[in-house]
Amino acid sequence: MHSLSRRQFATSLLALTAGSASQVAWANDFPNRPIRLVVPYGAGGGSDFVGRLIAQKLTETAKWNVVVDNKAGASSMIGTDAVAKSVADGYTLLLADTAHATNAAVVAKLSFDPVKDFAPVTLVGSSPQLLVAHPSLPANNLKELLALPRSQSRQFGVGTPGQGSAPHLLYEMLKLQSGMELVNVPYKGGALALNDAVGGQIPMVINSMPACMPHIEAKRLKVLAIASPARNPKLPNVQTFAESVPGILGSAWYGFMAPANTPADILQELDSTIQGVLKLPEVQARLASAFIDPLPPGPQAFAKLLKDEIARFQDVVKRTGFTQNS
């Protein structure tokens, strides 16, 4: 067994101390180059709006150089996979949304682990899903829709932004809980479904509040139900799903994630700085105008929400038998 001389021991200790000091200095210097924020969708959607808003304010107030990278495709999985495989140094982030949980539940073979390959940073906010309809539909709320003869309602189509999306799984929950069966019509994106509903090509659509509200305010569509725990003050006369079918909830949420194994001090710096931006009055006003409500901040709250959401969607998949290939 070899033993160290006093000189060797002192040299080793000095090297170890110097290495630790350099790591601390590196962490304290964060960020010293641009941060890439991957939005796993194209420009113009809810995730892109949230990502660009926060990136702009981080650049303006914290003097961070945050560059948004729209990496769309495969229901957010292409951009998400890119972040999972990035260096865990805090310089590549993901603007995650509800698809992060639905993909975990419905895709049989993912190229990444939605939980183990990521470190949650903080949540931004969420918007409830809405069931909206063309004005010609012979029902003005979910209660009236459920009261229609099944032979009639079975002929009605409901558009969703694609198989396995959060709106599609919300419809599957409704079907399981109420027994009402509609014709599920999956689209390649929620905007296409809403446009067809406005044009009368399809009677109903499930989509998030920000996407639906312009059509509602213009009276091109009417709201049948909102998938929130209580009625929304912006739509006080709209009943919740749970008023007619207990247990039906659904929202579009947004949050920041980093690759797993990102250093704890870097994660803390990201969390505190992003939270600081979210507290700015102008940011709160912009999110509120987009019908995005705040969620509890921090990594623990995000981890709990993700765990709960995945379990909820997995239950729907188990009960319906729905799966799709990656």
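The values are calculated or read from the model by the stated rules, or taken from the named source; none is laboratory data. None of these values were measured; they are calculated from a predicted model. Because the Cβ atoms are built from the backbone with ideal geometry, glycine has one as well, and the counts that use them run over all protein chains shown. Surface areas here come from the heavy atoms of the whole protein model, side chains and all, with no ligands, DNA or RNA. Shrake-Rupley method; radii C 1.70, N 1.55, O 1.52, S 1.80 Å.
The condition of being under 30 Å from G298 (Cβ atoms) and among the hydroxyl-bearing types (S, T, Y) holds for only one of S178, S228, S244, that being S228.
Taken over region 290-326, the criterion of being over 22 Å from K175 (Cβ atoms) and β-branched (V, I, T) is satisfied by I292 alone. Any residue in region 280-291 that is open to solvent by 70 Å² or more (accessible area, probe 1.4 Å), over 19 Å from T80 (Cβ atoms), modelled with pLDDT under 95 and out of contact with any Phe, Trp or Tyr (no Cβ under 8 Å at 6 or more places or on another chain)? Yes, the conditions are met somewhere in region 280-291. Taking region 52-79 as the range and being within 12 Å of the chain's Cα centre (by Cα) and without any contact (Cβ under 8 Å) to a residue 60 or more places away in the chain as the test, only S76 passes. Scanning region 124-140 for residues that are open to solvent by 40 Å² or more (accessible area, probe 1.4 Å) and within 12 Å of L224 (Cβ to Cβ), we see that the one that is farthest from the chain's Cα centre (by Cα) is P138.
Number of residues in region 77-97 that are closer than 24 Å to N207 by Cα and surrounded by fewer than 24 Cβ atoms within 10 Å (Cβ to Cβ) equals 3.
Can you tell me which residue within region 269-326, out of those that are among the polar types (S, T, N, Q) and in contact with a helix residue (DSSP H, G or I) (Cβ under 9 Å, 6 or more places away or on another chain), is nearest to T61 (Cα to Cα)? Restricting to residues being among the polar types (S, T, N, Q) and in contact with a helix residue (DSSP H, G or I) (Cβ under 9 Å, 6 or more places away or on another chain), the top hit is T273.
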